[in-house]
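Worksheet: one structure, shown below.
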Amino acid sequence: QGASPYVRLMVQATMEDDPNHASPANWGDPLVTYQFGMSYGQDPKFKYSCLILPMVQETVEVESGSSTSTQTTVWNQAKSGEPFTVYCLLRNTGADGLTTAQAKVNGEVVAEKIMTVEGGSWRVVQMEITVDAPGDYTIEIGDAAGAITIAE
């Protein structure tokens, strides 16, 4: 399985900033503190990316003539009625600011989280979602989107 999605996103963001950059000190979900640093007349500029949805992996052996090979298939899937976690990166290339991250299932808001992000920094957004009916869905957080199959 490797590193958790949360750790993978932190490493991704750190590497995008600068390969020699020290680890950021803003991991987790801190509250807005006194003198957070928001300035009048300056706007934050938020961008969502790297959406991670729950995945299922299936490995089968395929015979071809006298040889056998292994084929692995991976797809986004969760079980109906059971909560699952989605992750993404939230970058702020503007001034310090607040935003409400919304998780949507087929365009309907199903979860919200207020996020504070300093200018020039990033945060990992983590939300829990439950979809009750089996089927194929689109999950969105901000402008990051992905397809998922909800199984019975």
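Please state which one of ASP17, ASP29 is modelled with pLDDT of 75 or more and surrounded by 12 or more Cβ atoms within 10 Å (Cβ to Cβ).
Just one listed residue meets the conditions, ASP17.
Restricted to the range 59-79, and to residues that are exposed (fewer than 10 other Cβ atoms within 10 Å of the Cβ) and small (Gly, Ala, Ser), which residue is nearest to the chain's Cα centre (by Cα)?
SER69
Going through the range 130-152 one residue at a time, which ones are over 20 Å from VAL11 (Cβ atoms) and part of a strand (DSSP E or B)?
Within the range 130-152, GLY135, ASP136, TYR137, THR138, ILE139, GLU140, ALA145, ALA147, ILE148, THR149, ILE150, ALA151 meet the criteria.
Let's see how each residue does on (1) surrounded by fewer than 16 Cβ atoms within 10 Å (Cβ to Cβ); (2) under 16 Å from ILE52 (Cα atoms); (3) free of Cβ contacts under 8 Å to residues at least 12 places away in the same chain:
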residue: ASP96; (1), (2), (3): no, no, no
residue: GLY107; (1), (2), (3): yes, no, no
residue: ILE114; (1), (2), (3): yes, no, no
residue: ILE129; (1), (2), (3): no, yes, no
residue: GLY135; (1), (2), (3): yes, no, no
residue: GLU140; (1), (2), (3): no, yes, no
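Taking the condition of being outside any strand (DSSP E or B) and at pLDDT 95 or above, how many residues in the range 95-129 meet it?
Counting residues in the range 95-129 that are outside any strand (DSSP E or B) and at pLDDT 95 or above gives 2.
Only residues that are out of contact with any Lys or Arg (no Cβ under 6 Å at 6 or more places or on another chain), touching a residue at least 60 places away in the same chain (Cβ under 8 Å) and among the charged types (D, E, K, R): list them for the range 78-94, please.
LYS79
Can you spot a residue in the range 36-52 that is modelled with pLDDT under 60 and either in contact with a helix residue (DSSP H, G or I) (Cβ under 6 Å, 6 or more places away or on another chain) or among the charged types (D, E, K, R) (or both)?
There is no residue in the range 36-52 that is modelled with pLDDT under 60 and either in contact with a helix residue (DSSP H, G or I) (Cβ under 6 Å, 6 or more places away or on another chain) or among the charged types (D, E, K, R) (or both).
The values are calculated or read from the model by the stated rules, or taken from the named source; none is laboratory data. Note that the structure is a prediction, hence the values are computed from the model and not measured. Neighbour counts are summed over all protein chains in view; Cβ atoms, including those assigned to glycine, are modelled from backbone coordinates with ideal geometry.
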